[in-house]
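For reference, the structure is listed below as structure tokens.
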Amino acid sequence: MAKAAPNLCFSPLTLNQNRKENFFSSQNGCFIHKPSLKTKIFSPIFSSCIPIRISATPTRTIDHQVTDYNAKILHFCQLGDLENAMELICMCQKSELETKTYGSVLQLCAGLKSFTDGKKVHSIIKSNSVGVDGALGLKLVSFYATCGDLKEGRRVFDTMEKKNVYLWNFMVSEYAKIGDFKESICLFKIMVEKGIEVNSYTFSCVLKCFAALGSLKEGECVHGYLLKLGFGSCNSVVNSLIAFYFKGKRPESAFELFDKLCDRDVISWNSMISGYVSNGLTERGLGIYKQMMYLGIDVDLATIISVLVGCANSGTLSLGKAVHSLAIKSSFERRINFSNTLLDMYSKCGDLDGALRVFEKMGERNVVSWTSMIAGYTRDGRSDGAIKLLQQMEKEGVKLDVVAITSILHACARSGSLDNGKDVHDYIKANNMESNLFVCNALMDMYAKCGSMEAANSVFSTMVVKDIISWNTMIGGYSKNCLPNEALKTFAAMLKELKPDSRTMACVLPACASLSALERGKEIHGYILRNGYSSDRHVANALVDLYVKCGVLGLARLLFDMIPSKDLVSWTVMIAGYGMHGYGNEAIATFNEMRDAGIEPDEVSFISILYACSHSGLLEQGWRFFYIMKNDFNIEPKLEHYACMVDLLSRTGNLSKAYEFMETLPIAPDATIWGALLCGCRNYHDIELAEKVAERVFELEPENTGYYVLLANIYAEAEKWEEVKRLREKIGKQGLRKNPGCSWIEIKGKVNLFVSGNNSSHPHSKNIESLLKKMRRKMKEEGHFPKTKYALINADEMQKEMALCGHSEKLAMAFGLLTLPPRKTIRVTKNLRVCGDCHEMAKFMSKETRREIVLRDSNRFHHFKDGYCSCRGFW
């Protein structure tokens, strides 16, 4: 193996015709060109199927027997009879064989990939002391390269004293084929150093190597060097330069070369089309194709394929169909790579039926054909179709590759088809593909998006090798499936294994937001700042969402304003944040800012603004946005939009209008919509309507205890204890269990959990109880009496008052007052809606202690300050 040349730079020096200079100068470490007035155009003659003519013939006299041996061996080689050729060559003496005979046998060994026989011929050559320079050396090196032993071929190459440009080019090309681009470039540098007269093929090959390595500066130096040697107008070299500049993301440089090229061939045009398409400049690429057609230049298969890829990327179905017609006229439709690209084009342009027609007409299909079709069904969200193709593939004996498997799993994930995903998992097990990292990551993603985190964790825990995608999939899956504690535990485990990236941050922040874990979120925010991840828009959006859900709305707005390029998600998060905190007018102002910025709202944005209006009691504004959505943006309302409107009417006391509105809906209301009206019935004490609404809710979700409890609360507040008892008995008979109310508060990074009616086990229970009794006494002194109707038990006032003191949110707020430093905001989160008595207690606490209290319940935020709440009663 030649020693690698040092990393040097090109220097454009003046030609010197009187003195021969090396391209390399060991003194100053710069490439210096070797002047040459000759230009040799290289022809790739190294293919094993192309014989090499040897013009020189032995000068000695050869008897008839020797000539007969050579003729017979050459004849066997022409017939492809390696066995007899080898038998004869082994019988012959050194003096009986000509150099071209050895070369012919080596060429046949290469063609048949007979490595053992070729090695034997090489052994005979060495034992007979036959020189391997010139054509025989080329044949021997070519044999080893063709049979996959380039290392041995290099040994032969290095021992040859006389090596011409064709052999050097062959070695440069072979290293490039196996992806060793650095060695190709090293050989090129040695060529120049030794004064080998490079040709057009040399430059074409080495430019591809620089492009593959992304070595733009060195490639530009080669560009300057080839111009000095006079290759600037050589068609094949300019085509390679065009491809090089496109690969280096320099489309303007590529166009400049193309524009100046007088002798353009179809490869020149194809390079421009494929280069623009691969650089995301599809319209320009298609424009080059149209120009090509206008000038009447003949296209080839590469042209058609590049244009179809461009049509697929831009969704230009009409042009794709026109190219399809042209391809049929040019008889390209029988080529499998054309058919695969064609069906991919139809699929990506949304014409799945067109893709299916192409697929069914294909005489020959490979795994790419099947995978493209599966990907089409995936994009269309039709996992059932993808599964049917999988079953058809099995029947036809086509084995799925990793791409096909991951495509089907992606289809199952998009459509939430867990059963289909499990079928694919069974196929993976049966075909021993469980060790593949890409397959495992796709499996976890599918299970996570189908809500089966237990199955996702089963795959994750058995993986021998995990990459960052594996960890991010699990963390993101836990966050999205409302398992924030598991997400944070997985994140902690990941930190011991490898460094998180920006995607990890975007996955773990929602877990902190879900728990209102402000301190933990701040720690992660610090990590983001130290590692420069805040410029990632996904991370920036997640940070805004974190602070919104932790009740720090001012900081959320500050971070939102710092996002340089806000997308629809950025605006929607901020609008929803204002809505959660009861700042409806601010939400409307932000929505209008978004529209002024040229961002069009989608259905999720309208859910956020309607939610904001309902939680602030903005009835007129809510209806205005509802009609804007329908009329101005042609967005058909979905159940979520209707739920917001029913909630808005219910919160503002328009219960009859809400009920009438529901009766006129074009789609059947779900339990969420009926539940919104039931909440309104509780707020405005409409028992008669509540009973009618409850019947509908119980029919839709008979196992949801929340609605039974809500109706029981309505009865309890009206002191209809027999009805409360009947409902509780019904819940007991059905085996349903009410979720216990629990609240938590984070102090010094530790989450402290409180459960309603179960405070005795807490180490600070006596102090908490004493503080609450003190607060209750002061409330009474100021004329604020307990709202015992929220105790929801049939007992005397004292017992009801004691029950109220055990509500989890009161316990958490009291603990915060006892342990947090003065003036520190108390932040409490509850899994259910806050009760009316706790709401009144929180207002009084904020006034009495001059502390701000932020309470996040299952429905919204409540900011208590100086005896007032931000909800203004709309909760």
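The values are calculated or read from the model by the stated rules, or taken from the named source; none is laboratory data. Computed from a predicted structure; not experimentally measured. Neighbour counts are summed over all protein chains in view; Cβ atoms, including those assigned to glycine, are modelled from backbone coordinates with ideal geometry. Note: areas computed on protein heavy atoms with side chains; ligands, DNA, RNA excluded. Shrake-Rupley method; radii C 1.70, N 1.55, O 1.52, S 1.80 Å.
Quick check on Ala455: is it in a helix (DSSP H, G or I), touching a Phe, Trp or Tyr at 6+ places or on another chain (Cβ under 8 Å), hydrophobic (A, V, I, L, M, F, W, C) and open to solvent by 20 Å² or more (accessible area, probe 1.4 Å)?
On the way: in a helix (DSSP H, G or I): yes; touching a Phe, Trp or Tyr at 6+ places or on another chain (Cβ under 8 Å): yes; hydrophobic (A, V, I, L, M, F, W, C): yes; open to solvent by 20 Å² or more (accessible area, probe 1.4 Å): yes.
Here the answer is yes, as Ala455 does meet what is asked.
Please find, within the stretch 174-200, the residue that is least open to solvent (accessible area, probe 1.4 Å) out of those that are of a type in the set (Lys, Arg) and part of a helix (DSSP H, G or I). Lay out the reasoning, then the answer.
Within the stretch 174-200, the subset of a type in the set (Lys, Arg) is 177, 182, 189, 194.
Checking which are part of a helix (DSSP H, G or I) leaves us with 177, 182, 189.
On the way: Lys177: 146, Lys182: 149, Lys189: 15 Å².
Among them, the one singled out is Lys189.
Within the bounds of the stretch 602-613, is there any residue that is more than 23 Å from Arg557 (Cα to Cα), open to solvent by less than 30 Å² (accessible area, probe 1.4 Å) and part of a helix (DSSP H, G or I)?
Going residue by residue through the stretch 602-613, those that are more than 23 Å from Arg557 (Cα to Cα) are none.
Scanning the stretch 602-613, I find no residue that is more than 23 Å from Arg557 (Cα to Cα), open to solvent by less than 30 Å² (accessible area, probe 1.4 Å) and part of a helix (DSSP H, G or I), so the answer is no.
Could you identify the single residue in Leu418, Leu352 that is under 25 Å from the mean Cα position of the chain (by Cα), open to solvent by 40 Å² or more (accessible area, probe 1.4 Å) and modelled with pLDDT of 85 or more?
On the way: Leu352 fails: open to solvent by 40 Å² or more (accessible area, probe 1.4 Å).
Exactly one residue qualifies, and that residue is Leu418.
Tell me, yes or no, whether the stretch 828-839 has at least one residue that is more than 26 Å from Thr672 (Cβ to Cβ), at pLDDT 90 or above and open to solvent by 10 Å² or more (accessible area, probe 1.4 Å).
No; the residues of the stretch 828-839 include none that is more than 26 Å from Thr672 (Cβ to Cβ), at pLDDT 90 or above and open to solvent by 10 Å² or more (accessible area, probe 1.4 Å).
Gly381 is checked against (1) farther than 18 Å from Met453 by Cα; (2) assigned to a helix (DSSP H, G or I); (3) open to solvent by less than 40 Å² (accessible area, probe 1.4 Å) and fails just one. What number does that condition carry?
Here Gly381 clears every test but (2).
Looking at Met580 and the list (1) over 28 Å from Leu648 (Cα atoms); (2) in contact (Cβ under 8 Å) with a residue 40 or more places away in the chain, which single condition is not satisfied?
Failed condition: (1).
What is the number of the single condition among (1) open to solvent by 10 Å² or more (accessible area, probe 1.4 Å); (2) at negative phi that Val121 does not meet?
(1)
Of the residues that sit in the stretch 845-857 and are in a helix (DSSP H, G or I) and open to solvent by 10 Å² or more (accessible area, probe 1.4 Å), which one is farthest from Ile714 (Cα to Cα)?
For the stretch 845-857, the residue satisfying everything is Thr849.
Does Ile599 count as outside any helix (DSSP H, G or I) and open to solvent by 20 Å² or more (accessible area, probe 1.4 Å)? Explain how you work it out, then say what you get.
Numbers: outside any helix (DSSP H, G or I): yes; open to solvent by 20 Å² or more (accessible area, probe 1.4 Å): yes.
Criteria met by Ile599.
Condition first: modelled with pLDDT of 90 or more, closer than 30 Å to Met191 by Cβ and small (Gly, Ala, Ser). Can you find one or more residues in the stretch 93-104 that meet it?
yes
Within the stretch 256-283, which residues are touching a helix residue (DSSP H, G or I) at 6+ places or on another chain (Cβ under 7 Å) and free of Cβ contacts under 8 Å to residues at least 24 places away in the same chain?
If the condition is that a residue be touching a helix residue (DSSP H, G or I) at 6+ places or on another chain (Cβ under 7 Å) and free of Cβ contacts under 8 Å to residues at least 24 places away in the same chain, then Leu257, Phe258 are the ones that fit.
Can you give me the number of residues within the stretch 487-523 that are farther than 25 Å from Val465 by Cα and not in a helix (DSSP H, G or I)?
The number of residues fulfilling the criteria is 2.
Residues that are open to solvent by less than 20 Å² (accessible area, probe 1.4 Å), outside any helix (DSSP H, G or I) and on the phi < 0 side of the Ramachandran plot: does the stretch 257-267 have at least one?
Residues of the stretch 257-267 that are open to solvent by less than 20 Å² (accessible area, probe 1.4 Å), as a first pass: 258, 261.
Narrowing the set further to residues that are outside any helix (DSSP H, G or I) leaves 261.
Add one more test, that the residue is on the phi < 0 side of the Ramachandran plot, and what stays is 261.
Yes, the stretch 257-267 contains a residue that is open to solvent by less than 20 Å² (accessible area, probe 1.4 Å), outside any helix (DSSP H, G or I) and on the phi < 0 side of the Ramachandran plot.
Those residues that are of a type in the set (A, V, I, L, M) and assigned to a helix (DSSP H, G or I), I need them from the stretch 107-124; list them, please. Talk me through it step by step, then tell me what you get.
Step one: of the stretch 107-124, the residues of a type in the set (A, V, I, L, M) are 108, 110, 112, 121, 124.
The answer is Leu108, Ala110, Val121, Ile124.
So which residues in the stretch 201-249 are surrounded by fewer than 18 Cβ atoms within 10 Å (Cβ to Cβ) and outside any helix (DSSP H, G or I)?
Answer for the stretch 201-249, where residues must be surrounded by fewer than 18 Cβ atoms within 10 Å (Cβ to Cβ) and outside any helix (DSSP H, G or I): Gly214, Gly230, Gly232, Ser233, Lys249.
Applying the selection to the stretch 458-486, what residues are among the aliphatic types (A, V, I, L, M), closer than 22 Å to Ala513 by Cβ and in a loop (DSSP other than H, G, I, E, B)?
Leu483
List the helices (runs of 4 or more DSSP H) inside the stretch 279-330, counting only whole elements, that have at least 2 residues being under 18 Å from Ser347 (Cα atoms) and either open to solvent by 10 Å² or more (accessible area, probe 1.4 Å) or small (Gly, Ala, Ser) (or both).
Numbers: elements: 282-294, 301-314, 317-329.
Here the list reads 301-314, 317-329.
Can we say Lys113 is surrounded by fewer than 16 Cβ atoms within 10 Å (Cβ to Cβ) and without any contact (Cβ under 8 Å) to a residue 12 or more places away in the chain? Spell out the reasoning first.
Details: surrounded by fewer than 16 Cβ atoms within 10 Å (Cβ to Cβ): yes; without any contact (Cβ under 8 Å) to a residue 12 or more places away in the chain: no.
It is false that Lys113 is surrounded by fewer than 16 Cβ atoms within 10 Å (Cβ to Cβ) and without any contact (Cβ under 8 Å) to a residue 12 or more places away in the chain.
With the requirement that a residue be part of a helix (DSSP H, G or I) and open to solvent by 20 Å² or more (accessible area, probe 1.4 Å), what does the stretch 766-784 give you? Step through it out loud before you land on a result.
Just the residues of the stretch 766-784 that are part of a helix (DSSP H, G or I), to begin with: 766-781.
Lys766, Asn767, Glu769, Ser770, Leu771, Lys773, Lys774, Arg777, Lys778, Lys780, Glu781, listed by residue number.
Inside the stretch 693-718, can you point out the residues that are without any contact (Cβ under 8 Å) to a residue 12 or more places away in the chain and either buried (at least 17 other Cβ atoms within 10 Å of the Cβ) or closer than 24 Å to Gly653 by Cα (or both)? First the steps, then the outcome.
If we filter the stretch 693-718 for residues that are without any contact (Cβ under 8 Å) to a residue 12 or more places away in the chain, which is where we start, we get 695, 698-699.
Glu695, Phe698, listed by residue number.
Can you tell me which of Leu400, Leu409 is crowded, with 22+ Cβ neighbours inside 10 Å and not in a helix (DSSP H, G or I)?
Details: Leu409 fails: not in a helix (DSSP H, G or I).
Answer to the check: Leu400.
Can you tell me which condition Gly532 does not meet? The list is (1) of a type in the set (Gly, Ala, Ser); (2) surrounded by 19 or more Cβ atoms within 10 Å (Cβ to Cβ); (3) out of contact with any His (no Cβ under 9 Å at 6 or more places or on another chain); (4) over 30 Å from Leu619 (Cβ atoms), and all the others hold.
Here Gly532 meets the rest and fails (2).
Output the number of residues of the stretch 536-591 satisfying the condition of being part of a helix (DSSP H, G or I), open to solvent by less than 40 Å² (accessible area, probe 1.4 Å) and more than 18 Å from Ser870 (Cα to Cα). Break it down into steps so the answer makes sense when it comes.
In the first step, residues of the stretch 536-591 are kept if they are part of a helix (DSSP H, G or I); the result is 537-549, 553-562, 568-580, 584-591.
With the extra rule that they be open to solvent by less than 40 Å² (accessible area, probe 1.4 Å), the set shrinks to 539-548, 553, 556, 559-560, 570-580, 584, 587-588, 590-591.
If we keep only those that are more than 18 Å from Ser870 (Cα to Cα) as well, we get 539-546, 559-560, 570-573, 590-591.
Looking only at that region, the number is 16.
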